Amino acid sequence: MTKTENNRAWFLVLPVLLLVAMNAILPLMTVVNYSLQESFIAGFWDWVGTRHYQDVLASERFHAALIRQFAFTFIILIIEVPLGVAVALAMPKKGAWASLCLVLMALPLLIPWNVVGAIWNIFALPEIGLLGWGLNALGFDYNYTNQPISAWITVILMDVWHWTSLVVLLAYAGLQSIDEAYYRAAKIDGASRWAVFRYIQLPKMKTVLIIAFLLRFIDSFMIYTEPFVLTGGGPGNATTFLSIDLVKAAVGEFNLGIAAAMSIIYFLMTLLVCWLFFTLMTKDKEGQA
Amino acid sequence: MAEITLDHIGHAYGPAKSRSDYALKELHHVWSDGGAYALLGPSGCGKTTLLNIISGLLTPSEGRVLFDGQDVTHLPPEARNIAQVFQFPVVYDTMTVAENLAFPLKNRGVARPVIAARVERIIAMLGLTAEANKRAASLTADMKQKISLGRGMVREDVAAILFDEPLTVIDPHLKWQLRSQLKTLHREFGHTMVYVTHDQTEALTFADTVVVMYEGEVVQVGTPQDLFERPAHTFVGYFIGSPGMNVLPVALDGAVARLGGEAVALPGRAVAAKGAVTALGVRPEFVVLGDDGLPFTVVRVDDIGREKIVHGTIAGVAVAAILPEGAAVPAMPRASFRAEGINVYADDWRIEVAA
């Protein structure tokens, strides 16, 4: 069969190309532009090559934010993924209770992010917040506005509260897709509860868990709104994650070149991790076929 | 391996006020140790209900289930020592074929060398030696079904192996192969096997004894030959055979059955209860088209290669006849019935004809 060459067909993709160019490629290229030049006075541009990148990569401030970012992402992932799976396993499989649980689970996901930050800000206030006041009443010295440890605990608790539901919903969907015959067969084979989890539920949930893991990784890696509202990145720089640091540089200090270079580095890191996951996922699918 | 006694079993899913509330009407059967039984019937006939009662997923609302004389009525499946092959293949995806087969033994704390020897034997029996160390998830549906079966067979003491329409997702050309392999395995190992299906070919080729079910009732238990030659109920006649048995409503008059204005001589006197609806059942194989007998109007002839199926009517009732290859359909055919193929029914149940 020979294909008819008709290059006019390319015009049909033009609208999409334009759209993507306008809202993705152009802004990105602007950032690249900023990152390679120095602008002291509006209208005057100086080509500086990769100097901003070198500065950023060498700066201790960036290193500190990056380490905090990885620590935060790591901690919430090792809490949220297993917790989400555990909650999904404990949820009823059908009936009115299942629907109720699903609605309750979906609630945190429906709250605007800055509201989540505001809720926890008030909830955790040592003087009037239920959590903050309660912890202090129980004898814990807790104040997230001036203790880095308290601030970290609060930010992590907030993220776990906000996002574990996502993992729960995905894991629950994975569990629902398992045919009843698997459980019956496992019973007949004399499998323990653990064996059922290890050999039936976990393998069947694997794909959705990889997706959950990926989503939580990306989302937590660009977390901004909730900690910004809750702690503003403080006390000091204790909860200044990459995005907060970036906004400080760009808007707070008007250091556009540095901020642009940070953006690009940050973007490339996320891209790299996504690519890694994507490769792992597709490789596994080929292995199964 | 065990003898299965279904002691006056009956089951209703809700409260049972009348006979029609029962999904499974009362039955009493003893299935012998090492037998191959098929539960055959259309969807909704109660065969799956009966299988679930045997496997322990369902507790019958009436009666008891005994394995080798031991009451297991209230035991769950895992305590009954049965194995089951489901409609869709169930394998543990992350394990290899050998690990799949070892799993039931490992869970029961069997010693490693014993497991290895047993698994090796079953893998060889199933013809999966080449795949032993492959991941189960990578195999085809028929191989996966073999693994499901193998997980039952590795347990030497398994009381019975139950099959719930196990060939549903298997390619047609592999169905034959798998079925005959199943038969061989049954002969060799002698497990008690119960096989649920709605496919008559599957039931007749697999089982020594076929249990035909219809509307929650066991209508006949017999060998494939019994079902063919002496269907106990008109449903068995319809359901088994292709095309099914011809049923002609008649009036009985001693040794003669009257159909419209015509008379058919019976092999003997048949007496039905008063007011019963009576009928003759004759399989197409026993209808002879020739010069004698009842006027037969041809409607359609299907040539299926080895034989011809002639569809027609006798006194307005649809009747099918099978002609051997090469035989021509007479121009003004008349139909007669071979004596050994005539069954008499009263209210759909077969009655004996006194010679």
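Read the figures in this text as sums done on the coordinates, not as results from a lab. This structure is a prediction, so every number in the text was calculated from the model and none was measured. Reconstructed Cβ throughout: ideal geometry from the backbone, glycine too, with neighbour counts over all protein chains shown.
Quick notes on this structure:
- Plainly put, chain A has a radius of gyration that is 1.06 times its Kirkwood radius, both from alpha-carbon atoms, as the Rg/Rh ratio.
- For chain B, the Cβ-based charge dipole about the Cα centre amounts to some 620 debye (Lys, Arg positive; Asp, Glu negative; other atoms uncharged).
- Our summary gives the range B:245-355 a relative contact order of 32 percent, counting only alpha carbon pairs under 8 angstrom and 6 or more residues apart.
- Inter-site label distance for A:F278 and B:D33 at 7 Å from Cα along Cβ, in nm: 6.4 nm
- Sites matching chymotrypsin sites (Phe, Trp or Tyr not before Pro) across the range B:4-93 that sit in DSSP coil, with at most 14 neighbouring C-beta atoms within 10 Å: B:Y13
- Separation of alpha-carbon centers, the range B:164-198 and the range A:63-79, rounded to whole Å: 56 Å
- Each pair of Cα atoms in the range B:249-351 enters the Kirkwood radius, and Stokes-Einstein at 37 °C and 0.692 mPa s then converts it into a translational diffusion coefficient of 231 µm²/s.
- Two-decimal log10 I(q)/I(0) for the range B:202-282, as the Debye equation yields it once each C-alpha is a single scatterer, q = 0.15, 0.21, 0.26 Å⁻¹: -0.62, -1.00, -1.22
- Global geometry of the range B:39-157, whether rounded, prolate or oblate, following the gyration tensor of its Cα atoms and the 1.5 cut on a/c: oblate
- Across every direction, the projection of the convex hull enclosing the Cα atoms of the range A:116-168 has a mean area of 3.8 nm².
- Non-local Lys pairs in chain B, i.e. 8 or more apart or on different chains, that have alpha carbons under 16 Å apart: 8
- When the trypsin sites (Lys or Arg not before Pro) in the range B:73-155 are filtered for DSSP coil states and for at most 13 other beta-carbon atoms within 10 Å of their beta-carbon, the remaining sites are B:R108.
- Using a Gaussian network model of chain B in which every pair of alpha carbons under 10 angstrom is joined by a spring, one finds that among B:G56, B:G316, B:G41 the greatest mean-square fluctuation is at B:G316.
- Spin-label model, A:E5/A:L77: points 7 Å from Cα along the beta carbon direction are separated by 4.7 nm.
- Cα pair distances exceeding 31 angstrom across chain B, given as percent: 46 percent
- Normalised alpha carbon radius of gyration of the range A:129-231 [divisor 2.2 N^0.38 Å]: 1.54
- Pairs of lysines in the range A:60-288 whose Cα atoms sit within less than 29 Å of one another amount to 14, provided the residues are eight or more positions apart or on different chains.
- Relative contact order %, chain A, counting alpha carbon pairs below 8 Å whose residues are six or more apart: 27 percent
- Selected from A:I149, A:V85, A:L268, residue furthest toward positive end of dipole (chain A; charges at beta carbon): A:V85
- Computed over the protein assembly as shown, the convex hull of the alpha-carbon atoms projects to a mean area of 48.1 nm².
- Efficiency of FRET between A:R61 and A:W133 - r from beta-carbon atoms, R0 51 angstrom, step 0.05: 0.90
- Over all projection directions, the Cα-based convex hull of the range A:48-174 averages an area of 11.5 nm².
- About its Cα centre, the dipole of the range A:60-288 is roughly 780 debye, where the only charges are +1 on Lys and Arg Cβ and -1 on Asp and Glu Cβ.
- Modelled label positions at A:W97 and B:A141, each set 7 Å beyond Cα in the direction of Cβ, lie 3.6 nm from each other.
- DSSP-assigned coil residues among trypsin sites (Lys or Arg not before Pro) in the range B:223-285, each with at most 12 further Cβ atoms within 10 Å: B:K274
- Average other protein chain Cβ within 10 Å of Cβ, residues B:81-90: 4
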